[in-house]
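First the structure, in the form of structure tokens, and then the observations on it.
The values are calculated or read from the model by the stated rules, or taken from the named source; none is laboratory data. All values derive from a computational prediction rather than experimental measurement. As a convention, Cβ positions derive from the backbone with ideal geometry for all residues, glycine included, and neighbour counts pool all protein chains shown. The accessibility values were calculated without ligands, DNA or RNA, using every heavy atom of the protein model including side chains. Shrake-Rupley method; radii C 1.70, N 1.55, O 1.52, S 1.80 Å.
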Amino acid sequence: METVIEMRNISKIFPRVVANDKINLSVRQGEIHALLGENGAGKSTLMNILYGLYQPSAGEIYVKGQKVSITNPNVAIALGIGMVHQHFMLIPTLTVAENIVLGSEPRRYGFLDMRKAVAMVEEISQRYGLKVDPQAKVESISVGMQQRVEILKALYRGTEILILDEPTAVLTPQEILELFDIMHNLNTEGKSIIFITHKLKEIMAIADRITIIRRGKVIDTVTTASTSPRELAAKMVGREVSFKVNKQEYSPGETVLQLENVQALNSRKLPALKGISLEVRRGEILGIAGVDGNGQSELVDVVAGLRKATAGHIKLLRKDITNASPRKVIAASISHIPEDRHLRGLVLDFTIEENMVLETYYQAEFANGIILNNKQIQMHAKRLIQEFDVRPPDQKTLARSLSGGNQQKVIIAREVDRDPNLLIAAQPTRGLDVGAIEFVHRRLVEQRDKGKAVLLVSLDLDEIMDLSDRIAVIYEGNIVGIVAAEDADEAMLGFMMAGAAGN
Amino acid sequence: MGKQKIWAKDLLEVAGVPAIAIILGLVVGAVAMLWMGYNPVIGYQSLLRGIFGDAYSFGETIRSMTPLIFTGLAVAFAFRTGLFNIGVEGQFVLGMLAGALVGAAWPQLPWLLHVGLALGAGALAGALWAAVPGLLKGRFGVHEVITTIMLNYVSLILANYLIRNFFRVQEQEATANIAPSADLSIALLKQASGGARIHWGTVVALGLVVLVAFILYKTTLGFEFRAVGFNPHAAQYGGINVTKSLILSMLISGSIAGVGGAVEILGVFGRMAVSPILPGVGFDGIAVALIGNNNPFGVLFGSFLFGALKTGAIQMQYVTQVPYAIIRVVIAAIVFFVAIKELVRRILRLKRREV
Ligand SMILES: Nc1ncnc2c1ncn2[C@@H]1O[C@H](COP(=O)(O)OP(=O)(O)OP(=O)(O)O)[C@@H](O)[C@H]1O
Ligand SMILES: [Mg+2]
């Protein structure tokens, strides 16, 4: 098969880190080539170089045998390279069709020809089996749909080589399957795909070849047929990774969190929680399973004081905390790892040390009256950076320039370190590599073993089943059933997640 | 970068882009002069002389930069909390009125106390005036740009109305002169410089620069303001009362502008006259904050730049007949080039995206 992309000895040096170190990567026509590596290994950087967003410090790029210099994304697009970023870059108030054609619109008498745009979008979307509604506003469609729009946008510009940077991190299991179908269709049309993911399962399911990167260096390129998840994980992390989390025996204590008939509205003012009752006890992890959008986010927000409960009661250690302010909730010793780390979890333009005290900056440990104790804040960050292996280990780094996995580590360090009575973990491992997932899982279980209550919300059923002691299934704002983890299997949970009552 | 302070990092930004913008702005001014038939070399020479030429010029430069420090700080402060306080102009005007009234009352008070009261009155007036948009924003989410702009005109009409109907003296369209016990001017320097209106308000302004920097970067309050400004969702998650921060920040911003207004009366004008137009220093404050990258020390730099250009331009017009408006063009061009700094960077191949 013909080689379409060849990157030779690519290096990229940032002020504090060598993100890429003499990387060689070749992608063949019509293949799905996976990039695998820990958080911060340099995958996104490498792809940003290929897409012309960054200039390499050294090295060469060849497209179809021709040496090229990709000085900006327009050059990349002209060469047939398209990219869908880890974070989408759509304009929410425009329609799907408008977003897709934006920048190279079909014109008529010098004006945007909307009818033609819609027709063209429909044509491509049919050809590759990417169903979208061209007239819908982007802000009103699901994340999975938005991703399709991004892919269509690339295809509309004549992409031959499509880069997908962690496309599955934000998708539901069903949407992931649909994405894989789309990727297959693109493949049969002769397009090449570079696919970044942390999920070994996904790689085994869809990739042809895999390049493993560790700390900026290529470790190996292997064919999927000749490898195994275990081998991949070991290559990527540089040691054996255990997929199984060891837990102490389940012996739940007193009830920490209690919800009684809690109701709440979503941001569109429609009922999202329709009477949730559940409890989480000391020394247990209660997992909330469900298809995305069934009230999980609202449930977490209500407990964290970020959304008003319209009815019902929330109690922490028998104290009523219904509709308490976030500060009160924090003071009541509830920690919260939020599902969207960019929206809520971090102030991206703050440094690591500032983010580490986002909830505690005013407490005696970090402030004398209203004057911040910067020395203390710095020491605190230094300690957590070391304990949680945040890279780069520099507390003055802006959160914005950390890799996704390290951003998550900052949040987890902050939340776990507060030694809470209740730890709420919403999608705690979204976008993390297997090594980091193992780390987060161990931390969550450690909290449980220390006698804390943990409320885990995840779309990843494997994660729910691996960690939870009990599993509550949420469907359309109701808990349809709560089952002991050892009695649960995927089929049964799947059945309940579709609305069938448990037991 | 290990030990670098946060504000110093902001300051780094301040240096690069504005320097280039200033050069480009001066080039635009030179082209405009050429086009209108003036010699830009001679024009700029007399401009420079008008800024630094003698003690009088330099004193006047200091005088005209002083109100810009206040208004620039006010804009920058609100901006750090994510607010566009376009209403600094109006808060400044009401600060002037309050300062003039308190400054004229109680002539028997000791100097420090009287000055303190008058400045406090200015701060209070500015804060109250900013409270309106602050509350509307905090409580109902009404965008502050709309409300603050509208209130600017209201403030002018209100001040004129109050002076005409309640506070004017005899046949004049102005308030009474302030008492000597509230006078901020520095007679010694005034004489030594041949009449430049140098006053203690500049010292107050400098103190405020340090105080604002301290509040923003060294206190829990500043932490909250900056968190809200960067990401209100994360701030709320962190337990920060976003509504309270927005309102409080607006109040502080308004009081900074109000003190500036009072200083201008106590230090320069001595009384407040009915005026058909807004003084304009509030709007200039927006430009000053922009060029100073909303950093307190950057504001100091920006206000010096604009104060100098404005003072120098008067001399330039007087000596070489190059119209004053040219300098407004230069200022506008500088603001324009700072605002499109991304483009400036690219033109000059200063691509520093990865930083
Ligand atoms: N713009 C930047 N400035 C400075 N350092 C950066 C920048 N972008 C990335 N880095 C650093 O380069 C390294 C590689 O980051 P990169 O985003 O490529 O990792 P990644 O493999 O995509 O990780 P993840 O799986 O977490 O997304 C990290 O240490 C990161 O902090
Ligand atoms: Mg990445």
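Structure data summary
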read-out	value
Point-to-point label distance, A:ALA331-A:ALA119, nm (Cα→Cβ direction, 7 Å offset)	6.5
Förster radius 30 Å - calculated FRET efficiency between A:ASN72 and A:ALA136, Cβ distance, rounded to 0.05	0.50
Candidates B:TRP106, B:TRP35, B:TRP129: whichever shows maximal mean-square fluctuation once chain B is modelled as a Gaussian network with Cα springs under 10 Å	B:TRP35
Solvent-accessible surface ranking, highest first, for A:GLU6, A:GLU123 at 1.4 angstrom	A:GLU123, A:GLU6
Amide H partners (placed H, <5 Å) of A:ASN323, local residues excluded	A:ALA309
Candidates B:VAL41, B:VAL132, B:VAL212, ranked by Gaussian network fluctuation over chain B, Cα under 10 Å, top entry	B:VAL41
Area accessible to solvent at A:ASP419, 1.4 Å probe radius, in Å²	80
Rounded to the nearest 20 debye, dipole of chain A from Cβ charges on Lys, Arg, Asp, Glu	1300
Relative intensity, log₁₀ I(q)/I(0), of segment B:204-312 from a Debye sum that treats every alpha carbon as a point, q = 0.12, 0.13, 0.17, 0.18 Å⁻¹	-0.52, -0.60, -0.93, -1.01
Reachable aspartates and glutamates, given that their alpha-carbon falls under 18 Å from the alpha-carbon of A:LYS131 and they are not under 8 places away in the same chain	A:GLU98, A:GLU122, A:GLU123, A:GLU139, A:GLU150, A:GLU175, A:GLU178, A:ASP181, A:GLU189
Amide H within-cut-off set for A:ILE479, under 5 Å, with H built and near neighbours excluded	A:SER277
Two-decimal Rg/Rh across chain B, once Rg and the Kirkwood Rh are taken from alpha-carbon atoms	0.99
Charge sum, other residues only, whose C-beta stays under 11 Å from A:ASP208's C-beta, Lys/Arg counted +1 and Asp/Glu -1	+1
R0 of 35 Å, Cβ-Cβ distance A:HIS87-B:ALA131: FRET efficiency to nearest 0.05	0.40
Translational D in µm²/s for segment A:205-303 (Stokes-Einstein at 25 °C, 0.890 mPa s, Kirkwood Rh from C-alpha pairs)	136
Values of log10 I(q)/I(0), in the order q = 0.26 Å⁻¹, for segment A:425-503 under a Debye, Cα-only, solvent-free model	-1.27
Dipole axis of the protein assembly as shown (+1 Lys, Arg; -1 Asp, Glu on Cβ), positive-most option in B:LEU188, A:ALA331, B:LEU94	B:LEU188
Charge sum, other residues only, whose C-beta stays under 13 Å from B:ALA118's C-beta, Lys/Arg counted +1 and Asp/Glu -1	-1
Simple Cβ-charge dipole of segment B:39-321, Lys/Arg +1 and Asp/Glu -1, about Cα centre, in debye nearest 20	320
Evaluated at q = 0.21, 0.24 Å⁻¹: base-10 log I(q)/I(0), Debye formula over Cα of segment A:385-465	-1.00, -1.24
Mean shadow area of segment B:83-240 over all directions, Cα convex hull, nm²	12.2
Distance in nm between pseudo-label sites at A:PHE495 and B:PHE336 (7 Å out along the Cβ direction from Cα)	7.2
Sequence-distant lysines (8 or more away, or on other chains) whose Cα lies within less than 26 Å of B:LYS310	B:LYS190, B:LYS341
15 Å beta-carbon shell around A:PHE111, net charge (K/R +1, D/E -1)	+1
Accessible surface ranking that places the most exposed of B:TYR56, A:TYR361 first, with a 1.4 angstrom probe	B:TYR56, A:TYR361
Fraction of alpha-carbon pairs over 56 Å apart in the protein assembly as shown - percent	20
Histogram of C-alpha separations across segment A:66-163, 5 Å bin width, %	3, 13, 24, 24, 19, 11, 5, 2, 0
Over chain A, volume per residue of the alpha carbon convex hull, in Å³	163
Mean Kyte hydropathy of -0.5 or more with a Cα span along the axis of at least 18 Å, helices from DSSP in chain A	A:114-127, A:143-156, A:173-188, A:434-449
Gyration tensor over alpha-carbon atoms, segment A:52-113, equivalent ellipsoid semi-axes in Å	29, 16, 9
Interface area, B with A, accessible, probe 1.4 Å, both sides summed, Å² nearest 100	2700
Selection from B:ILE198, B:GLY122, B:TYR237, by position along the positive dipole direction of chain B (Cβ)	B:TYR237
Solvent-accessible area per residue for chain A (1.4 angstrom probe, square angstrom)	42
Globularity ratio of segment B:203-262, using Cα Rg and 2.2 N^0.38 Å	1.22
Rounded percent of accessible protein surface that carbon and sulfur make up, the protein assembly as shown, 1.4 Å probe	59
Share of alpha-carbon pairs per 5 Å distance bin for segment A:3-237, given as whole %	1, 7, 14, 18, 19, 16, 12, 7, 4, 1, 0, 0
Partner lysines for B:LYS137 [C-alpha distance under 29 Å; skip if fewer than 8 residues away on the same chain]	A:LYS137, A:LYS269, A:LYS308, A:LYS328, B:LYS218, B:LYS244
Separation in nanometres of the label points that stand 7 Å from Cα toward Cβ, at A:ASP340 and B:GLN108	6.5
Size of charge dipole - the protein assembly as shown - debye, nearest 20, with Cβ of Lys, Arg +1 and Asp, Glu -1, no other charges	2160
